[in-house]
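Trainee: One structure, as structure tokens, below. Some questions next.
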Amino acid sequence: MEVNVMENIFLLVLVTLLSALQNAFFAHKVEKECKSDNSKTTAFERVYCANRNCMDTYPTFIAVMWCAGICLSQAPASFAGLVYLAVRQKYFVGYMGQISQSTPGFLFGKRILSFLFLMSMVGVLNHLLSHYLATDYKDYIQTVTNAASALLLLP
């Protein structure tokens, strides 16, 4: 792979690999709970449901993170991806306790996915503007996006 291309996607690749490790961790938790003596307990149902919910949103997360990283800027997209992984971990652990403990992680995760989707749409819009109107705002948008990505840490 060409070095320049790899530099443009390296952070996205790292976050994707970390998310794969996290998925393996979640699967291990489900397997461990399944092999316990009380495999049909509420603990198993909670772990299984939390894993299923995380798997349901995983394709959306990967798609918007990669689109935001490629269309606009990989650094804020990767940062948002890392924050999303932390939030997903909080959601999973919260779901294993009481389901109400998982709500903040769920809502925070939706906010991060919305941010990544917005980044993707702005990147696509900027590409269309530069292609058809010969106006490129990518530098300005990247500056705003880099600053806005820090706002993701606010609760």
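Trainee: Within the chain, how many Lys pairs sit with Cα atoms under 20 Å apart, leaving out pairs fewer than 8 places apart on the same chain? Spell out each step's value before the answer.
Mentor: Details: 29/40; 29/90; 32/40; 32/90; 90/110.
Lysine pairs, 8 or more places apart or on different chains, close enough: 5.
Trainee: Indicate the helices, whole DSSP H runs only, in the chain that combine a mean Kyte-Doolittle hydropathy of 0.0 or more with a Cα extent along their long axis of 27 angstrom or more.
Mentor: Helix filter hits for the chain: 3-35, 42-71, 74-97, 103-132.
Trainee: Let me ask something else about it. Run lengths n ≥ 4 of DSSP H only: what is the helix-derived mean residue ellipticity at 222 nm for the chain, with -39500 (n - 2.57) per run over all residues, to the nearest 500?
Mentor: So the helix-based figure for the chain works out to -29500 deg cm²/dmol.
Trainee: Considering the dipole of the chain built from charges on the beta carbon (Lys and Arg +1, Asp and Glu -1) around the Cα centre, which of 108, 78, 133 is farthest to its positive end?
Mentor: About the Cα centre, the residue reaching furthest to the positive side is 108.
Trainee: In Å, the Kirkwood hydrodynamic radius of the range 3-153 over pairs of distinct alpha carbons?
Mentor: Kirkwood radius, the range 3-153: 16.6 Å.
Trainee: Next question. So if I place +1 on the C-beta of Lys and Arg and -1 on the C-beta of Asp and Glu, and nothing else carries charge, what would the dipole magnitude of the range 3-153 be about its Cα centre? I want it in debye, nearest 20.
Mentor: On the way: 11 positive and 8 negative charges, 92 e Å.
Value, rounded to 20: 440 debye.
Coordinate-derived values only; no laboratory data. Everything numeric here is computed off the predicted structure, so don't read it as measured data. Methodologically, a virtual Cβ is constructed for each residue, glycine included, from the backbone with ideal geometry; neighbour enumeration extends over all protein chains shown.
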